1. For the range D:310-321, indicate whether the set of residues that are buried (at least 23 other Cβ atoms within 10 Å of the Cβ) and more than 27 Å from residue D:370 (Cβ to Cβ) is non-empty.
2. Identify the single condition in (1) in contact with a helix residue (DSSP H, G or I) (Cβ under 9 Å, 6 or more places away or on another chain); (2) on the phi < 0 side of the Ramachandran plot; (3) modelled with pLDDT of 95 or more that residue C:143 does not satisfy, given that it satisfies every other one.
3. Scan the range B:156-169 for residues that are over 17 Å from residue B:215 (Cβ atoms) and assigned to a strand (DSSP E or B) and report the count.
4. Residues of the range B:160-215 being touching a helix residue (DSSP H, G or I) at 6+ places or on another chain (Cβ under 8 Å) and more than 25 Å from residue B:106 (Cβ to Cβ), which ones?
5. All but one of (1) farther than 30 Å from residue A:151 by Cβ; (2) out of contact with any strand residue (DSSP E or B) (no Cβ under 8 Å at 6 or more places or on another chain) hold for residue A:337; which doesn't?
6. Search the range B:243-273 for residues being touching a helix residue (DSSP H, G or I) at 6+ places or on another chain (Cβ under 6 Å), farther than 18 Å from residue B:283 by Cβ and away from chain C (no Cβ under 13 Å), and hand back the single one that is surrounded by the fewest Cβ atoms within 10 Å (Cβ to Cβ).
7. List the helices (runs of 4 or more DSSP H) that sit entirely inside the range A:19-120 and contain at least 1 residues that are at pLDDT 95 or above, within 14 Å of another protein chain (Cβ to nearest Cβ) and touching a strand residue (DSSP E or B) at 6+ places or on another chain (Cβ under 6 Å).
8. Could you tell me which of the residues C:116, C:85, C:92, C:111 is more than 23 Å from residue C:255 (Cα to Cα) and more than 17 Å from the chain's Cα centre (by Cα)?
């Protein structure tokens, strides 16, 4: 497995990082479909494509613990996860479908997705006053109609929606929140716009959609009617954990680039890396990276043991999102002016990582949930 | 004065902020020369242009204390300082020229600059291994030549150089570091490229220049030969202080936008502003803004009293740069997904502010200097 | 005024600091009444006693702005404020009585207190479930009785109560919260115990009291019946501001002691003060001290201008309490093992300062109030 | 093993915590020899004494991974480690002797120590200008003498020295730094004083010693002459790791006590644990505790695998010392006035934990070493 991570690392260094800047001057674009196909084909030839996917679909069925170093290696480049097909939201959707989809859905959706033939999106979040941090505010409705439902509502921040082959849509039925599989070209699905965000590396962007009487039949229900929030949890724990893996790779790269830069520059008669305040930033980065990795592996072990691991994945996510942002921020600071420029990969990584403190549950929501568990555990004991 | 600040605030809200996004889709451009001329003409008609400039050049000759609220109001928009002609580096250059320039130089350079007829640049920083945080590493050389000097070297991060009418160039002569006034179209001045940085609002960019045997005569020396570092200090104290004023305005706007956003959205049955963790972010912003303002005013009072105020301006700069970045970061966090998008001004301000922890002296260099002063003061006493 | 501060500084260095450790081995005691009388008599002879007190009572009637450097100088020693009679709660009680007391009350209580003939206590806080951070939970009751009221209830954390001549007691009457002046030896006043706290320097301790049908007549009402919470505010703003002054002095001393210690010790071939990570701690201390001082002076100016200055004093208190604790904590860290020992004054100051983040309103309560003001200001604007 | 931890937890709750305050009024004393003997005898009867000791000496020979939950349970009480005989410095000395001691030394020193018959001390640190953070400054000298050496020098912060049966003394011979086993009653060993420190729970205190021509023979050399620094490393890695285990238990207890306290008190109409700012403190504690535990277990696994694990143990120590101090500090803050008093165990734990950021290598020294490793790893790569 370490061997696989090393091969991924080498592939990223050799083939993906050079592609980061190849689109002339536009350092922020997500690369585009053409680049995706080219890199994924290359990864397939190297035998490293989709290592997370079930073996039935050509993957390696890696456990979470096994994924961690591989996804970290992929995450070194903002295009690395896409190149291996382990990018969000597809990777999480593969997991969800593998857990819940019917045989027909597996054939129609899971297979093509796992093989990289199509991309997908997970359409849960809504613009205010709909479902955001508080999912109970879900407003998209699937109302009864002959032969199934008609789904209507608005969705926002739907990552990868532009160019996706299908969407997993969360909507409210009479029986409760329900997930539907919806082809992206179904009548009534409208892509309104890309939300322009700080991060630019997600292929297919973060989109705003309108669903206008989109027709769905019983065969389109993912799992059971009314179980949408439960499946969201099935998806969420692993998905946020693999996010940490990928961003860990990016932050690690920023850190390494900054140390290398600082070691090669001098001031006051010594390399910058000899200055105590720079040493402090380097050490703080090492600490934040190590602590993120340690919490990440705890979450992986819990998930691999079959636990929903909500607490462990929450801990890894909230700590990781904040720690990795600090790492990238210190990396910028260590490099001075070059650190905030496109001359080094550092500023770009910092910009890409920042939103992770908000995506997949803002830090504040994770803290609220962690606090409430602690109060249930300790709130009754005698001090 | 409060009245002037109020008028500036109103001008920014009404005329400058709407222009921020008018260049279709390109939210990051610095606006361009056309926008500058339009906004400056408008500001002139409103009687609020160049309030810092000497009265002899049509300005109001505001003291530093008087500038603070006015520049803060201007700083609410990333284009506001440019609209009033109080942007870096022109504003600092006006100050420097007013202190040091000869009568002829005042006529040729200071007047046009103060009136907004030309822009300028301050060419001190060099790429490694030249002058960066440690100015003693200056490598640009002005070697003796008949009738004066020939200046050669490389400069980097020269803000506003593209489109500037003239440059103030720091170079090493036999008699020590010296400042030269150099027309931007002088033979031998080459603009190599814009360094692509996180911040995008500086008109004329951050440029890399080559100076190749640029000819300068005695009449082009700013002040006296060999006094370059001393004049750099004359410029630096006030320049970093007015930077704090401008970024304070930007951070204040981000904070206000975030509070307004959070007050208008709900989760778990109450406005986001009713949640304790959001209250904490709001309060921490209020504290950081107030403390920045308090340190800023201390520095202004010291400067107005005639002190070089190196310690007070350093304190205001290092605290302000870090505190205002925290304010903008919390403002993003408070707004969730919208906070990291272009739907609110917050993410843009956060991106623009971040480099200020590096520009005008990285926080680490200011800390080194503050520590050394403290050691001189207290290092000999008995504990 | 600077002159007065300098004289106080010299008195503290020469006469008070040596007394800190004179009680053999017991570094934590508050000194005791004997020491108080000795030091206060000495201060009176030096002409520096009670500079805050009204001139009618022998004081100098210093404004808040004038007090700041004097109280800071006094605060350098944990016994300094007591030596000058500017310690809590007496100093705040002098202020409150000067604002609100009747002529007879001035003669009976204010005069002796201002002259240091007696000490006093302010009895508002109660044990749970009574008045703590939320004063509306006040449970001490003054119920109507012939000729006045009978006051019953429990009070906790009543600073200085042991040995005080009189108490200002907050109790609930039919007409609302009311302040009463109660001689400490009035029947029904019971001192249950000293609460043993981290800080040890408050003469008279932090006490738990029971009030058991303590009789009070109309002449014992401070100000008007039902106005207790309003007067608490009158007292609170200045009282928390002078707290910042005193703790600023203590933190400044810890900082100076740490710099002097570190300058005199070496490791890796240089003085500790030459190590970058130590420089960072020194600089961060300088920044925290300067920012506290700047916010403090803003609050003083607002108070002197006649404003209740609730926001400014809250800002100074919450920032100051946290910043000064950081200063003392860094000072310990700089000194290594000596820093956490009684060989230097640093650890003691750190221990004394820590509770200030809780006393006079926990940081969280100040943040709540600051946030709510901000929401009222900005929560309605359009983002 | 979990079962053993549970038994230890129960023993601590039932027998050790009640003893914390039993010495009337003196909450700070380390308990004394009588208490030690009583508690250790009790632990022996329960079959939980000295679980770390080699089985040959009656222990269980637990691996580091196995020790972690057991030592954490013991650490809940400041007297818990002493009760089980797993306190510093004895526990680390058992480890060192087990690695290095000769058969005769094992019989004479290791056996009695492992069985709790004697206590020990590790005498390396010296007062300035001797060995502190920089061990190369070692000044205690073992000069050649007939039949061995004569050791002279001064030692400071020698934990547990008062009452110890023997000392492990680091001294400089011609062949380099060397460790000697010295009976505490050997002629020339003088205990000058206890250094009075913030932490009070170490039985035998932190002592200052003078060594005045203390005679040592070849049989008193621990391991080989000249290998003292190498053995110090053998001891250091595990010793700092078990420190983290013990303090983790203390911080965990402070956290639990604070949550229980806050859950039982109300303000503004709800339990304190329902306030967002309190939830934030609770969550931050959970995060810090989990991250400490995760880094700790990484270090344990590396040590158990036979690695010196200098980097992993350094990471666990520096993160743990800072994180656990934050946990205890937040626990105090959550409890308001009670938090800084002796009414709860929180303030005492906070005070005991603080010096751990200095003991066993100040955070700054660990950061320096972590940074240098990182520079060696990444400083040559191309950014």
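The values are calculated or read from the model by the stated rules, or taken from the named source; none is laboratory data. If you're wondering where the values come from, they're calculated on a predicted model, not measured in any experiment. Backbone-built Cβ (ideal geometry, glycine too); neighbour counts: all protein chains shown.
1. There is no residue in the range D:310-321 that is buried (at least 23 other Cβ atoms within 10 Å of the Cβ) and more than 27 Å from residue D:370 (Cβ to Cβ).
2. Just one mismatch for residue C:143, condition (1).
3. Result for the range B:156-169: 4.
4. Within the range B:160-215, B:195, B:197, B:198, B:199, B:200, B:201, B:206 meet the criteria.
5. If we test residue A:337 against (1) farther than 30 Å from residue A:151 by Cβ; (2) out of contact with any strand residue (DSSP E or B) (no Cβ under 8 Å at 6 or more places or on another chain), just (2) comes out false.
6. B:246
7. Correct list: empty, since no element meets the threshold.
8. C:111
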